[in-house]
Amino acid sequence: MLFNSFAFLLVFLPCALLLHWAVERFRPEWRLHALALLSFIFYGYWDWRFLPLLAGSILVNWLVAETFGKTKLGVLIPLALGANLLVLGVFKYFNLFAELANLIPGLHAPRLAVALPLGISFFTFHHVMYLVDLRGGRAPRYDLVRYALYIGFFPQVLAGPLVRWSEVMHQFDERPYARADAAERFARGLMLLTVGLAKKVFLGDPLADYANPVFHAAAQGKAVTVVEAWQATLGFTFQIYFDFSGYTDMALGLALLFGVVLPQNFDVPYRAVSLRDFWRRWHMTLSRFLRDYLYIPLGGSRRGLPMQVWALFATMALGGLWHGAGLTFVAWGVAHGVGLGAGVLWRRSGLHMPWLLGWALTASFVVLCWVLFRAPTFDAALRIYEALFGFAPLGSGFRWRTIALAAAIAIIGPTAWTFVHRVPPWRPLAVGFAALFVIVLFKIGDDANYEFIYFQF
């Protein structure tokens, strides 16, 4: 069920909160079992056929961790990591590799008609983080219930944020409603949920109507005007931000309602003054994962400048591939890898760049790269680029109001997390948030609800 759906907001969430409160109040030793059960119910609601995959991956990886802890058999962790990536590859990348193989004359690779299990990229990376840290002696062993909750906790199982075991495992043993600040945390969780819903419903979804028809037309080979191309590109630039950051706000807010603090994922990224700064602000938990579990093992900055540039390039190319089984995603990652490498060379040269110029260049680069991310094919991306650079009819009717509002909020900030933790307890503010929540519900009832963009990854 979508976070922005009546099924979730009016049925699952109230029932889940009531059950969690009752268990935490009368049987606190059952709290983690209840949260794990709720998480499996939430995941199984999408498609019960994928539930055995999630449960099986949790059980197998936990058994590997247990066996490794008892035997210290070094080969177990690499085998488990390989198996996790193989499962991810079969579901997500098999058909892509089959298409590439079919480019070879005389080779006819089969295609698999399988649906992509929701959240498989995210829960696979959670397995990877834990197993790598376990092998490195940084992570302890946990019982099956705690491990299942770490992997499948429903606010973050579908699209993150990517949470390290060290950030949440200790929180599972707390009595969240017995804390002195329990009411305040619960209230701020509701505020985050409401802000995230508002960002999705009032900005992300309307901007999708600016972008989707144009990219669809480009994919069908239709002509795209300059005005349409800029409207679609800028629309998607802010759509993906408000869609994904809105989801993250909801995830963080929902986790707070159940007594868990998840890491932030965005820090006003469109205010970045360099590409490195952008990736420290955008999808921060993924950036951290790529840095610690891919870039550094590839050599990072420890083996000289050529290796550092190569590690950046390879990391971002693989990061692009993680986002989707398409060569346009790889090209998007490669472009960012090249851009980050150029940034390293610029810093090594000792040259200075004024912050305003740095912001303008970074924003332009990021916006243009989003075309590769959004376009379904290179041909569609090329049509958009041609129009962006004036090689198309000018057109008319640029729809700028929602884009301008979205740009102002995205660039000026602050983040939702910062906002809800700065505002003081005030009754009129609570009334205002309650009214906003009701308005969001009416909006959800009136309009078609788009799935979150990152659910497809």
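The values are calculated or read from the model by the stated rules, or taken from the named source; none is laboratory data. Because the structure is predicted, anything quoted here is derived from the model rather than measured. A quick note on method: Cβ atoms are made from the backbone with ideal geometry, for glycine too, and the neighbour counts reach across all protein chains shown. Heads up: the accessible areas ignore ligands, DNA and RNA and are worked out on the full protein's heavy atoms, side chains in. Shrake-Rupley method; radii C 1.70, N 1.55, O 1.52, S 1.80 Å.
Can you classify the stretch 1-147 as rounded, prolate or oblate using the Cα gyration tensor, where a ≥ b ≥ c are the square roots of its eigenvalues, rounded means a/c under 1.5, and otherwise it's prolate if a/b beats b/c and oblate if not? In terms of gyration-tensor shape, oblate.
By the rule of a C-alpha distance below 24 Å, with chain neighbours fewer than 8 residues away ignored, the lysines paired with Lys200 are Lys443. The distance separating the Cα centre of the stretch 286-315 from that of the stretch 11-59 comes to 37 Å.
In summary, no lysines lie within cross-link reach of Lys72, defined as a Cα separation below 22 angstrom excluding same-chain residues under 8 places away.
In the chain, carbon and sulfur make up what percent of the accessible area (probe 1.4 Å)? Reported share for carbon and sulfur atoms: 68 percent.
Karplus-based coupling profile of the stretch 317-326, in residue order and whole Hz: 5, 5, x, x, 5, 4, 5, x, 7, x, with θ = phi - 60° in 6.51 cos²θ - 1.76 cosθ + 1.60 and x standing for Gly or Pro. Listed values for the stretch 420-433 are Karplus-derived 3J(HN,Hα) couplings in whole Hz (6.51 cos²θ - 1.76 cosθ + 1.60, θ = phi - 60°), namely 6, 8, 8, 5, x, x, 7, 4, x, 5, 4, 5, x, 5, and x replaces Gly and Pro. When semi-axes √(5λ) of the Cα gyration tensor in Å is calculated directly from the model, which label among [x] 37, 24, 19; [y] 44, 35, 27; [z] 34, 30, 23 fits? Working out semi-axes √(5λ) of the Cα gyration tensor in Å from the coordinates points to [z]. This model, with +1 at the C-beta of Lys and Arg and -1 at the C-beta of Asp and Glu, gives the stretch 346-457 a dipole about its Cα centre of some 420 debye.
Using only side-chain charges placed at the Cβ, +1 for Lys and Arg and -1 for Asp and Glu, the dipole size of the chain relative to its Cα centre rounds to 1000 debye. Ordering Phe278, Asn265, Leu294 by the projection of their Cα atoms onto the charge dipole of the stretch 247-303, which places +1 on the Cβ of Lys and Arg and -1 on the Cβ of Asp and Glu, puts Leu294 at the extreme positive end.
For Phe154, the residues 5 or more places off, or on other chains, whose built amide H falls under 5 Å of its own are Ser39. Solvent exposure of the stretch 128-274 amounts to 29 Å² per residue of accessible area, where only protein heavy atoms count and the probe is 1.4 Å. Note on the chain: dipole from Cβ charges, positive end direction compared against Phe122, Phe50, Ala392; the farthest Cα belongs to Phe122.
The charge dipole of the stretch 275-352, taken about the Cα centre with unit charges on the Cβ atoms of Lys, Arg (+1) and Asp, Glu (-1), comes to about 260 debye, rounded to the nearest 20.
Reported to the nearest whole Å, the Cα centre-to-centre distance from the stretch 148-197 to the stretch 378-457 is 24. Anisotropy class assigned to the stretch 305-378 is oblate, per the alpha carbon gyration tensor with a/c at or over the 1.5 cut-off and a/b no larger than b/c. Taking 16 Å as the cut-off, the amide N atoms of the stretch 302-344 that come nearer than this to a point 7 Å along the Cα-to-beta-carbon line of Leu368 belong to 331-343. Projecting the Cα atoms of Val440, Ala65, Phe12 onto the dipole axis of the chain, where Lys and Arg carry +1 and Asp and Glu carry -1 at the beta carbon, places Ala65 farthest toward the positive end.
Which aspartates and glutamates have a Cα lying under 16 Å from the Cα of Lys222, excluding residues fewer than 8 positions away in the same chain? Counting by Cα, and skipping residues close in sequence, Lys222 has these aspartates and glutamates nearby: Asp379, Glu386.
Karplus-based coupling profile of the stretch 13-27, in residue order and whole Hz: 4, x, 5, 5, 5, 5, 5, 4, 5, 5, 5, 5, 7, 10, 9, with θ = phi - 60° in 6.51 cos²θ - 1.76 cosθ + 1.60 and x standing for Gly or Pro. Residue separation of Trp21 and Asp379 scaled by 0.36 nm, minus their Cα-Cα distance, works out to 123.5 nm of gained length.
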